[in-house]
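Colleague: The structure that follows is given in the form of structure tokens.
What follows draws every value from the coordinates through simple rules; no lab data is involved. Computed from a prediction, not measured in an experiment: that's the story for all the values here. All Cβ positions, even for glycine, are placed from backbone atoms using ideal geometry, and neighbour counts span all protein chains on display.
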Amino acid sequence: MNLKHAHNIDDLRRIAQRRLPRIAYDFLAGGAEDNVTLRENRAAFERIRFVPRTLVDVSRRSRKVALWGRTFDAPFGIAPTGASGLYCFDADVALGRAAAAAGVPYVLSTASFVPMERVAQEAGGTQWFQLYMSKDLETAERLVTRALKAGFDALVLTTDIPVAGNREQNRRNRFEIPLRLGPGNMVDGLLHPRWLAGVFLRTLASSGVPRFQNLDINTGGRITSPTLTEFRQRRTELNWTDFAWLRKLWPKKLLVKGILTAEDAQLAAQHGADGIFVSNHGGRQLDGAPSPIEVLPGIASAVGSRLKIMVDSGFRRGSDIVKALALGADMVFVGRATLFGATAGGEAGALHALNLLKGEVDRVMALLGVNGVGELGPQHLRFDPDLRGASLAERGIRDEDGGIRETA
Ligand SMILES: Cc1cc2nc3c(=O)[nH]c(=O)nc-3n(C[C@H](O)[C@H](O)[C@H](O)COP(=O)(O)O)c2cc1C
């Protein structure tokens, strides 16, 4: 199957699964522990039904959205994904270019394999920088200063990773960055020659062993690129005081990624954030965490007037995106969807993923009888009593006739 025959994100996922050796596919697709949250991220969407209106003129509908003075061609963007360079050559640039071509924002991960300055220069479009920071504020300041100089429009601080999630498949596969292929993985690599030659060896030839290119750490006076394990150190000490420090340092838009409660959303607002990402990190951190779509209505009613609300985790269909917008999100972000695309066809594959989602959003809006993203609201959704997730009902967000009301 090639891109032409990929009619949805799951088709792209299947191509990716075939192209990649296990060590790379598992890191991409897997979640934490028993994958309860990973599955719930999808299941939560299936419990929500649409309320379509008919005989509405939808010939002039638009899926454009305005955010902080910019207009985007679709109400979604690309979430930050570290180690993307495992999936296609120069993936961080390819994803950025695909986002620019689609007219949507791109969030570059701290853990990219291409230096942020090169992505900023070569990708174009609207780019935000995702920051992983630890209590080592000197390193954080260096990164933030570089991001500002490189011209990134917004900074996204990821906060749901005080320790690494328990992703047992990665331990089983001996996954580590810099990526090395040991005897076991080498055989698998050889069985995937297209990936071996086109991604791994090509990266090796152009910039060395695939590794983090934005990070440097001071080990005994020597500045080096850290391993994944080193890179995660001292994150446990991070707290809201550090966020306040960051707020003073970064003059542009600042977002907190990894919010799952109204309380934390309110703290983000109190500490001067401009926006949040309601996210469970794609089910890769705390297994048992709720799906963002489930907690979104409560968070939107608590801070929707003060903060811009981004949401990610589990989005694979335009209909998922429309549901989140109807529940109070300003924009949706996708992680794996565009990485599946990039694996299947580089920049063109990532763009194909974005175009599939655009087409689906557009179709769902027409079928709902909606002309603009701003019209979407709880009146377009209901929870089927037989399919309804208990926690949504428990929080009283379903009214008598099945519509959704904001949480109290
Ligand atoms: C391979 C991979 C790498 C990721 N790396 C990062 C990262 O470096 N920083 C970050 O904030 N989130 C990272 N995430 C989480 C995504 O930003 C996003 O929250 C998640 O992928 C959304 O779920 P989805 O993949 O189901 O769309 C990563 C996700 C994946 C799949």
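Colleague: Have a look at 243, 315 and point out the one that is crowded, with 24+ Cβ neighbours inside 10 Å and among the aromatic types (Phe, Trp, Tyr).
Modeller: 315
Colleague: Also, quick follow-up: Which one of these does residue 59 not meet: (1) of a type in the set (Gly, Ala, Ser); (2) in contact (Cβ under 8 Å) with a residue 12 or more places away in the chain; (3) closer than 28 Å to residue 368 by Cβ?
Modeller: (2)
Colleague: While we're looking at this one, here's another question. Answer yes or no as to whether residue 301 is touching a strand residue (DSSP E or B) at 6+ places or on another chain (Cβ under 9 Å), polar (S, T, N, Q), in a helix (DSSP H, G or I) and more than 30 Å from residue 177 (Cα to Cα).
Modeller: No; evaluated as a whole, the condition is false for this residue.
Colleague: Here's something else I'd like to know. For the list (1) assigned to a helix (DSSP H, G or I); (2) within 11 Å of the ligand (Cβ to nearest atom), I need the number of the one condition that residue 311 fails.
Modeller: (1)
Colleague: Right, something else. Restricting the search to region 108-138, which residues are within 16 Å of the ligand (Cβ to nearest atom) and not in a loop (DSSP other than H, G, I, E, B)?
Modeller: Across region 108-138, the qualifying residues are 108, 116, 119, 127, 128, 129, 130, 131.
Colleague: Which of the residues belonging to region 50-82 are in contact with a Phe, Trp or Tyr (Cβ under 7 Å, 6 or more places away or on another chain) and either part of a loop (DSSP other than H, G, I, E, B) or away from the ligand (no atom under 16 Å from the Cβ) (or both)?
Modeller: Passing the criteria: 64, 65, 79.
Colleague: Further, regarding this structure: Looking for whichever is free of Cβ contacts under 8 Å to residues at least 24 places away in the same chain and either more than 12 Å from the ligand (Cβ to nearest atom) or farther than 24 Å from residue 101 by Cβ (or both) here; the options are 266, 270, 285. Which one fits?
Modeller: Selected residue: 270, the only one of 266, 270, 285 that is free of Cβ contacts under 8 Å to residues at least 24 places away in the same chain and either more than 12 Å from the ligand (Cβ to nearest atom) or farther than 24 Å from residue 101 by Cβ (or both).
Colleague: Which residue is surrounded by the fewest Cβ atoms within 10 Å (Cβ to Cβ), if the candidates are limited to region 83-107 and must be of a type in the set (Gly, Ala, Ser) and in a loop (DSSP other than H, G, I, E, B)?
Modeller: Going through the qualifying residues, I end up with 103.
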